[in-house]
Each structure stands twice: as C-alpha cells, then as structure tokens.
C-alpha cells in the first residue's frame, strides 16, 4: 500500500504520527497553539481509529504526572504541549528522564510570558535542555510526522524521553502536502513497546525509593551513557525510515556547503527561509551554505565539527533569547567548536525572537553585514 498524500498542518501531521505510532496512553491538556493536536486525536478516537486511553486532566503538570506512571507500567505514551504548559511541567520533565520513561511529546514552540504573546519562539523548549530529554527541531509538517515516529524508535532504544519541537503558526497552523505512510509500514518500522523493566504487581518491582549519593551518581552516569548513544541511533533510525519512504532528514543537514567560506546555522522553520537566502547569495557568486541542526539534545558535537570543517565563518540565527547570554544555539555551537584546530569565527544574531519575521532579503543583508566582522562572545540583536 502506497503513502496517502493530503494537505495537513504541522499540528495535524503530528497527530497523524501519534495515531500511526499506536500509543496506549495519551494524557492531554489544551493550550494555544497546540490544541488542534488533541482535537484531532479525540476525533480519531471517536471514529475508532485511535486505540489509546486519552486522559483529560486539569493542567500540564498533571499531564506529565499521568505520562510517567503509564510509561513505567510499559505503555507507549504520547502527549503534546506548548510554551507555559511545558514550563509548568518542568519539575516532572526531570523526573521522567530520571525514571528512564521513553515518553514522546510534541511541543509547539511559542513565546513564554511575560509579556503575554502567542508567536513562534524556541525559548520554551531550549529552557528545558538540561532536563535529560532528547530534543528534535523540525522545519515542516512532513518532517514533524516523520520525526515523531523516529523519536519513538530512538527514545525506546535508549529509554529516555523525547521532545519534538515545531514552530508555532509557521508550522503548526500552515497547510502543506504531507505523505502519510500506511499503518503496516509504520508497524514494521516501530514494533510494540515491550520494556524489560516495568511496574507490574506480578513482578513486585517499585520505583521512587530514596537512594544513596553513590547510587544517584551512578544513575546519572547511566543516563549520560544513554544520551551518548542517541546521535548514532537517531542517524540509524533516520536512515531506516529513508529506506522505507524515500525521506531522510539527517541529524545535521548541510545545504550548498561545498566550498562555502560562510555558513548560516539555525533550527526549525527559519531553515527554509535561510535555504532560499543561500540560493540568492550563491546566485550572486557568494560562497555561502546552510547548516540546519535537527537534533539539539544531545548536541551532536562530532557531526557539527565535521560539517563546519574548513569553514571560515558561521552566522547563527537564534529564534530564542537567554537573558544575559544571548542566543542558545550560538553559545552551544561555540562550545562545540572549542579546541578545534583553526575554528571558524562564530557570530550570533538574535533573529526572529518573539516571532519577528525574518525574510530572505533580511537574511541576505545580515550575512553581508556580519561577514568579516570581529567575533563577539555575546549574541547581537538583529538590526
């Protein structure tokens, strides 16, 4: 059976991925602009097409409180949130990662209060980068569908939770053609979740007891070892998906980087605009390429170093803001390149913070204005 091609928003593409993944439990709470995800899931369930226990609770904190025990009991779990909802989950994100619960959660990147706003901004998820969750960032609705399915394979392979992030409105509410794979293809790619360890009254296991200092340290080291496996496992999951569908996204994408002296680096929907800007610059004879980071946690340091080998300058476009630091991707990339022989100059630009539109023309101008300037340790605001 071939793939079905339909017009979907990013939200609905993620809901389709959840349906295809066959989760058994889906705790949910609505928040703009994530609400269409759970609306479509409940519609699927009412039609008998989504065989999962949808749990409607009173807050996002309770959503994650329901996700964790369900996952520990051996159920495949899906949920979705955005912005303030993700922030409300914060303490439980640490708990889920520590419990080695391979939950997959969609997050629609949206501004965090205050002031109150609803625009695309990645600060909400990047603020959770130390919680122990795998983090993917996607550019399109098709990439969202494919990445949710890949995230299950990766998360369940290392027993860590995964967060799939897409930009509010630019992706969450924009319609585009999406290929929906047949269920039998997904079933073959993603076998049922069957963890060796699970909470079961017949086994007499428990979770949540107090541990010694040494046990806690050993537990954290085990989580770090699991994270270290993720880049290779994510690349393998992507390769296998590509063999079945013809679509592979990579953990790092290099676009027109052959011979490039300057490379634009970014994540999420801005990658598409930057790709067009690269075409404009290349047409003008300027040696510029694009590096799109899809896997952010764990940071694929080796892949980034290889992708930027021989490049003179990197211009990072950050749709986020860490007060007192600047752009998160800018600082992470500088750290990844530290100690490399003849590293590129890394310039950071806070571009698109709060959903500000960054056009092709503006990116072209930013590259021309920034190229050749002295490197600055702090990110500069887009002028």
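Could you list, in sequence order, the residues of the range 324-361 that are at positive phi and free of Cβ contacts under 8 Å to residues at least 60 places away in the same chain?
Scanning the range 324-361 gives 324, 326, 339, 342.
With the structure loaded, tell me whether residue 34 is over 20 Å from the mean Cα position of the chain (by Cα) and either crowded, with 21+ Cβ neighbours inside 10 Å or more than 17 Å from residue 192 (Cα to Cα) (or both) or whether it fails that test.
no
Go through the range 37-149 and tell me which strands (runs of 3 or more DSSP E), entirely inside it, have 3 or more residues that are in contact with a helix residue (DSSP H, G or I) (Cβ under 6 Å, 6 or more places away or on another chain). Spell out the reasoning first.
Numbers: elements: 53-56, 78-82, 104-109, 134-137.
In the range 37-149, 78-82, 104-109 are the strands (runs of 3 or more DSSP E) which contain 3 or more residues that are in contact with a helix residue (DSSP H, G or I) (Cβ under 6 Å, 6 or more places away or on another chain).
Got a number for residues in the range 369-379 being in contact (Cβ under 8 Å) with a residue 40 or more places away in the chain and on the phi < 0 side of the Ramachandran plot? Walk me through how you get there before you give the answer.
Quick first cut of the range 369-379, residues in contact (Cβ under 8 Å) with a residue 40 or more places away in the chain only: 370-372, 377-379.
Then keep just the ones that are on the phi < 0 side of the Ramachandran plot; that gives 370-371, 377-379.
Qualifying residue count, the range 369-379: 5.
Results for (1) crowded, with 24+ Cβ neighbours inside 10 Å; (2) touching a helix residue (DSSP H, G or I) at 6+ places or on another chain (Cβ under 8 Å); (3) not assigned by TED's automatic domain parsing to the domain that holds residue 154, shown as yes or no for each residue.
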{"site": "225", "(1), (2), (3)": "no, no, no"}
{"site": "228", "(1), (2), (3)": "no, no, no"}
{"site": "238", "(1), (2), (3)": "no, yes, no"}
{"site": "241", "(1), (2), (3)": "no, yes, no"}
{"site": "267", "(1), (2), (3)": "yes, yes, yes"}
{"site": "272", "(1), (2), (3)": "no, no, yes"}
{"site": "278", "(1), (2), (3)": "yes, no, yes"}
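Test each condition in (1) buried (at least 16 other Cβ atoms within 10 Å of the Cβ); (2) free of Cβ contacts under 8 Å to residues at least 40 places away in the same chain; (3) in contact with a helix residue (DSSP H, G or I) (Cβ under 7 Å, 6 or more places away or on another chain) for residue 287 and report the one that comes out false.
(3)
Residues in the range 322-333: is at least one closer than 28 Å to residue 160 by Cβ, at pLDDT 95 or above and either surrounded by fewer than 18 Cβ atoms within 10 Å (Cβ to Cβ) or touching a helix residue (DSSP H, G or I) at 6+ places or on another chain (Cβ under 6 Å) (or both)?
Yes, the range 322-333 has at least one match.
Among all residue pairs at least 6 apart or on different chains, which show Cβ distances below 6 Å where the first residue, located in the range 1-28, is under 21 Å from residue 268 (Cβ atoms) and not assigned by TED's automatic domain parsing to the domain that holds residue 53 and the second is in a helix (DSSP H, G or I) and modelled with pLDDT under 95?
Short answer, once both residue conditions are applied: none.
The values are calculated or read from the model by the stated rules, or taken from the named source; none is laboratory data. This one's a predicted model, so the numbers in the text were calculated from it and none came from an experiment. Ideal geometry is used to build each Cβ from the backbone, glycine not excepted, and the neighbour counts take in all protein chains shown.
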